[in-house]
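The values are calculated or read from the model by the stated rules, or taken from the named source; none is laboratory data. Since this is a predicted model, take the numbers as computed values, not measurements. A quick note on method: Cβ atoms are made from the backbone with ideal geometry, for glycine too, and the neighbour counts reach across all protein chains shown.
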Amino acid sequence: MTQSNRIKGGLIDRSQQLGFTFNGKPMQGHPGDTLASALLANGQRLVGRSFKYHRPRGIFTAGSEEPNALVQLRTGAHQEPNTRATTSELFDGLTAISQNHRGPLEFDLMAVTGLLSPFLSAGFYYKTFMWPKAFWEKIYEPVIRMSAGLGSLSKLDDPDIYDKGFLHCDILIIGAGPTGLEAALTAGRSGARVIIADEDFVIGGRLNAETCEIADGPGADWARHATTELASMDNVRVMPRTTVYGAYDHGVYGALERCTDHLGDSSGKPRQVLWRIYAKRSILCAGATERPIAFGNNDRPGVMLAGAVRTYVNRFGVAPGRTVAIFTNNDDGWRTASDLAAKGVDISAIIDSRNQDAPTQIADARVVMGGRVVDTSGRKGLTSVTLANGEKVTADCLAVSGGWSPNVHLTCHQRGRPIWRDDIAAFVPGADLPDGMIVAGAANGTLTLAAGLADGRDKATELVKGLGFTASKTPAIVAQDEPADLSAFWHVAASRKPAWLDLQNDVTVKDIKQAHAEGFRSVEHLKRYTTLGMATDQGKTANIPALAIMADISGKTIPETGTTIFRPPYTPVPIGALAGRARGSGFRPVRHTPSHKWAEANGATFVETGNWLRAQWYARDGEKGWRDSVDREVTMTRASVGICDVTTLGKIDIQGRDAAEFLNHIYTNAFLKLPVGKVRYGLMLREDGVAYDDGTTARLGENHFVMTTTTANAVLVFRRMEFARQCLWPGLDVHMISVTDGWAQFAVAGPNARKLIQKVVDCDVSNDAFPFMACAQTTAFNTTPARLFRISFSGELAYEIAVPARYGNAMMGALMQAGKEFDAVPYGTEALGVMRIEKGHAAGNELNGQTTATNLGLGGFVSAKKDCIGKVLSQRPEMMRDDAIRLVGFKPVDHSKQLIAGAHFITRGDAANMANDQGWMSSVTYSPTLGHSIGLGFIKRGHERMGEVVTATSPARGGDVQVEITSPHFYDPEGGRQRG
Amino acid sequence: MDDITLQPEPFLGGYACAFGDTILSEITDMALISVAMPLNGMDKLQASVQTLWGVVLPAPGTCATTLDGKTRLLCQSPDSFLALLSDPPGPAMEGLKGAGYTTDQSDNWVILRLSGPLCLPALERICPIDLNTLSTDNFTRTTMEHLGVIILRQGPDDVMLLSASSSAGSFLHAVETSITNVKP
């Protein structure tokens, strides 16, 4: 197809041709085109179908406010629906497909819904599909889902890259039209750090679309020179293709930069970057959006906003039609006429709703003052318009101007309310702006060029002075204000045909009237009942005319009727950009244990524990599943020796003259007199007396301790202790620092653990010299500094040995090598868990934030002789009840039965309901040592009910199992092995 | 005792990579110790620091560097400091003679050095701090991609980044990705 509608002029690069396809049809454009301008240049007026009625739709605007021209861009996994053709920069090889039709665009089978439009008015969905109930999910929902939605996703992983970033500035200027540029020049010349961002790919805003002059030259040239000057300043960052989409607290703004959307290939670079901009001050120079006038069949392809027509003519060198009519209520429509005439485009009529003299003369154009357009014709594109007197005027393009609405959206993101100005018949920003923001130019209701430039300069001067900079003394720029007279006119009441307000959601004037008749009179209700102002354009062209009609119906003024709340984002932000690089393996950081490489090389399967990756088990050849591996690891550890990386436990180095006293306050049990060279188990309570965390603390020196916490609570415990140090007991001399990452720590457990450890360290580890709960600072393998602890989580004779983390991988290998003669086995977290349940140690399942020391059977650990965090509230009567739940063990009466974690206990024969609930099973495992399933759990007065059989019931997961209450210490209850 | 000698492994294997004129590398020859000031122990600690390193205790958020440039003392809060040493930590810990509570932190941190023209553009993608306000030889703490980071500015386009050693791989990935994303 040739570019039949291409005319002279514009800011496009005609020296290059860009090939693209629309619905498979090859077309040509030029660098500087948008997809919309290129489509128009190629004579393509029909670009999509409307959402509800599948009406033919064309390009309506030339910017981000576009409600109609939504297309699917690109193909395959790169396919993106709902892309506005009016903002999509043309590139060679671009492929676009129209949306929302079944069958060809020209013969949409779903257009039949248009015939049903009298029945599909506002609230249709809420009032229909009510009966029969059996149809809800099987018929109505599938049919509605099939019809609903705009565009379709590829359903493939998005192959593009996205990123995020942080920017800082003194002044953020939002919008780079004449006002924004002048503000940026003023601020930049003062030395302030400035960011100026604009959603367009060419800086200059309306200057690129108008024929106005600045400093005796074309406005577009001035914009280009201003951009060049700004780009040359080290303190200024010019960001085209960047939409500032949200104003958040404390001067933080969200911005989306489209980095490679205009390229055929991203070349491995981020397609879009989501910026968080921290600005001391901001100037909103977002301009204004033209609005339409509602009249019959005003949605046909070819009906466009008058300002958009100027844009296509002046910026893109495209005539949107061969014969253009203009319908306006203000002087702006006449500028469109002038510009069209200057380009030689035929103007069939200028219809002005105002009863006054024509503001200017347009040669060869028929002028109808006080006129109305009541209807249009043309099945897939405009052919003529009908005036109120019944006269038909030939036109394949109708340029409509209902005036301009300042883009106040960002001023409302923190609940600011705009205020009405009668003189421009529009809302302007109110007084309650986001902190640090001021508004200038058209966004502030200053709709003419010279005034906008002055406003930008003045506002920037005010801000830079306030920030301590000296404003530059550059002379004010010379420009003229254009005529901007307007007489509010929203709707041609004489129209008998449907008059569209919201083109994207197919909301008509009739819908507004119906909503009002049915009692939806609040603006917010109106929006939700009719869907006015929803979807990708958020009603940028529709809201104000609809409000005006609502006001008219209800007999109120527009400000009395009010507005809906504008919320971020100003324009759509892709989910991919919000996710940024946080996808897949980059979703969150991963922490590796020091022996991770060794574990990988030795067949470990890993499990996430928080951010840590821990070896879960080490499979060997011939093992049929994880249970085989885990059973072997437990059995071999209990038979000889096993080694487990336990680095993930929190480790806190505590020093100070008062460190022991401090720990005495933190733990429930006494630490004041813990001897140097000894370790003690400790329990912590929350302030409310509930058990919080447990672990061991070793006294390495008189004023030096090292504490271990659970993996999950490592940070919480540290933070809580730091709070206690700084706020509760600031008079104590104590300091702490995390050393969790600094030490690689390994449990060495089993009857041969001593023999193995003796091969590693240079100190005597005999039971006499190094008894249970001893600790020492020593060396490992002759030279490496090490810490040794005689502690056991498995119930076996066990040690934990720590070396600096960078030796951890080598240490694991060396331990295995040294343990070869004992058939040493590495074990993972599953075997660790099995052995701790066999031994009856409480862990996270038991320390779940609901249980007390009494519940855990650790009441004796709450010292009566001293105070500690949580002690007072732990002594509340409710927490010390005789019939409180107690941690005990459970084994199935029939050993072949598997226990289920989470099962609740009831007396045999009782109904399984809340009234009979006596407790729950917190941990279960198959015990390879005992040969059957075992569990830990809480049951009322459990410690007094040894041998009793109760029912463990889990209706949702497998029914009932009869279980016997036992000691939680299934394995070596006397502790002879760990103390041996 | 078995005749085995453990060999230390840098957390990132001694990573070094050039992205044009921008260099990202793991620093493996530095030691870190934390120094906590005992209650009411300012004078004693100041005297020891002066004797050992010849510097005045820096104020919070600032840094003191020894004349030979081999040691930097970062004040993290009114009573805690982090010393970056070009030498092993033992002599320094002993040299303070108990005037401060010291903990060897060398293995808690991975240290990356990022220098060159892409340094600041890359950090813009992950660092929420306004680096314009961070002058040379000063440092601050922040988070990058959810990871706690100490950032020490060594020059206009030269920073040292310290983060937890256990997540060194993720941290390196974050910085590498940033450089790749901004590389022309």
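A few comments on the model shown:
- Only listed residue being more than 14 Å from chain B (Cβ to nearest Cβ) and either part of a loop (DSSP other than H, G, I, E, B) or within 29 Å of A:M707 (Cβ to Cβ) (or both), chosen from A:K624, A:K597: A:K624
- Among all positions in region A:408-419, there is no residue which is surrounded by fewer than 23 Cβ atoms within 10 Å (Cβ to Cβ), more than 30 Å from the chain's Cα centre (by Cα) and without any contact (Cβ under 8 Å) to a residue 40 or more places away in the chain.
- Meets criteria (acidic (D, E), in a loop (DSSP other than H, G, I, E, B) and either more than 14 Å from chain A (Cβ to nearest Cβ) or touching a strand residue (DSSP E or B) at 6+ places or on another chain (Cβ under 7 Å) (or both)) for B:D43: no
- Where helices (runs of 4 or more DSSP H) sit wholly within region A:512-583, those with at least 3 residues that are touching a residue at least 24 places away in the same chain (Cβ under 8 Å) and under 25 Å from A:G63 (Cβ atoms) occupy A:523-530, A:543-554, A:575-579.
- Members of region B:117-176 found to be part of a loop (DSSP other than H, G, I, E, B) and either more than 10 Å from chain A (Cβ to nearest Cβ) or farther than 27 Å from A:I161 by Cα (or both), listed by number: B:P117, B:L118, B:L134, B:S135, B:T136, B:D137, B:N138, B:P156, B:D157
- Pick from region A:812-834, criterion away from chain B (no Cβ under 12 Å) and either of a type in the set (D, E) or outside any helix (DSSP H, G or I) (or both), ranking: farthest from the chain's Cα centre (by Cα): A:D823
- Scanning region A:645-674 for residues that are outside any strand (DSSP E or B), within 12 Å of chain B (Cβ to nearest Cβ) and farther than 27 Å from A:G813 by Cα returns A:G656, A:R657, A:D658, A:A659, A:F662.
- None of A:I139, A:I144 is exposed (fewer than 15 other Cβ atoms within 10 Å of the Cβ), at pLDDT 85 or above and outside any loop (DSSP other than H, G, I, E, B) except A:I139.
- Test: B:C63 is crowded, with 16+ Cβ neighbours inside 10 Å and touching a Pro at 6+ places or on another chain (Cβ under 6 Å): no
- Looking across region B:150-173, the residues that are out of contact with any Leu (no Cβ under 7 Å at 6 or more places or on another chain), among the small types (G, A, S) and surrounded by 21 or more Cβ atoms within 10 Å (Cβ to Cβ) come down to B:S165, B:S166.
- Failed item in (1) out of contact with any strand residue (DSSP E or B) (no Cβ under 6 Å at 6 or more places or on another chain); (2) buried (at least 18 other Cβ atoms within 10 Å of the Cβ), with B:S34 passing the rest: (1)
- For region B:37-60, filtered to residues that are under 20 Å from B:I151 (Cα atoms) and of a type in the set (A, V, I, L, M), the residue that is surrounded by the most Cβ atoms within 10 Å (Cβ to Cβ) is B:L57.
- Which numbered condition A:D160 misses (of (1) within 14 Å of chain B (Cβ to nearest Cβ); (2) part of a strand (DSSP E or B)): (2)
- Residues considered: A:V872, A:V825. Of these, the only one that is surrounded by fewer than 16 Cβ atoms within 10 Å (Cβ to Cβ) and among the hydrophobic types (A, V, I, L, M, F, W, C) is A:V872.
- Selection within region A:600-621 - surrounded by fewer than 17 Cβ atoms within 10 Å (Cβ to Cβ), within 14 Å of chain B (Cβ to nearest Cβ) and assigned to a loop (DSSP other than H, G, I, E, B): A:G610
- Hey, A:T328 hydroxyl-bearing (S, T, Y), more than 25 Å from A:V507 (Cα to Cα) and in contact with a strand residue (DSSP E or B) (Cβ under 9 Å, 6 or more places away or on another chain) or not: no
- Cβ pairs under 7 Å, 6+ apart, first in region A:189-215 and of a type in the set (K, R), second in a loop (DSSP other than H, G, I, E, B) and modelled with pLDDT of 95 or more: A:R193/A:N235; A:R206/A:G177; A:R206/A:G287
- Where strands (runs of 3 or more DSSP E) fall wholly inside region A:230-278, the ranges with 3 or more residues that are β-branched (V, I, T) and touching a strand residue (DSSP E or B) at 6+ places or on another chain (Cβ under 6 Å) are A:242-248.
- Flag for B:L6 being at pLDDT 95 or above, assigned by TED's automatic domain parsing to the domain that holds B:L152 and in contact with a Phe, Trp or Tyr (Cβ under 8 Å, 6 or more places away or on another chain): no
- Qualifying residues in region B:1-40 (those that are over 20 Å from A:G808 (Cβ atoms), touching a residue at least 60 places away in the same chain (Cβ under 8 Å) and at the interface with another protein chain (Cβ under 7 Å from one of its Cβ atoms)) - the one farthest from the chain's Cα centre (by Cα): B:P38
- Output for region B:79-113, where each listed residue is within 10 Å of chain A (Cβ to nearest Cβ) and part of a loop (DSSP other than H, G, I, E, B): B:D79, B:G98, B:G100, B:Q105
- Filtered residue count, region B:1-29, keeping only those that are buried (at least 16 other Cβ atoms within 10 Å of the Cβ), of a type in the set (A, V, I, L, M) and out of contact with any helix residue (DSSP H, G or I) (no Cβ under 8 Å at 6 or more places or on another chain): 2
- Wholly enclosed strands (runs of 3 or more DSSP E) of region A:370-426 bearing at least 2 residues among the hydroxyl-bearing types (S, T, Y): A:373-377, A:384-387
- So A:F890, is it more than 42 Å from the chain's Cα centre (by Cα) and either at negative phi or not polar (S, T, N, Q) (or both): yes
- Verdict on A:G436 being surrounded by 22 or more Cβ atoms within 10 Å (Cβ to Cβ), at positive phi, assigned by TED's automatic domain parsing to the domain that holds A:T186 and touching a Gly at 6+ places or on another chain (Cβ under 9 Å): no
- Some residue of region A:73-84 being touching a helix residue (DSSP H, G or I) at 6+ places or on another chain (Cβ under 7 Å) and crowded, with 24+ Cβ neighbours inside 10 Å: no
- Residue ID - surrounded by the most Cβ atoms within 10 Å (Cβ to Cβ), chosen from residues in region A:772-811 that are over 18 Å from A:R699 (Cβ atoms) and away from every other protein chain (no Cβ under 14 Å): A:S794
- Among the residues of region A:191-215, those that are within 14 Å of chain B (Cβ to nearest Cβ), crowded, with 23+ Cβ neighbours inside 10 Å and in a loop (DSSP other than H, G, I, E, B) comprise A:A192, A:R193.
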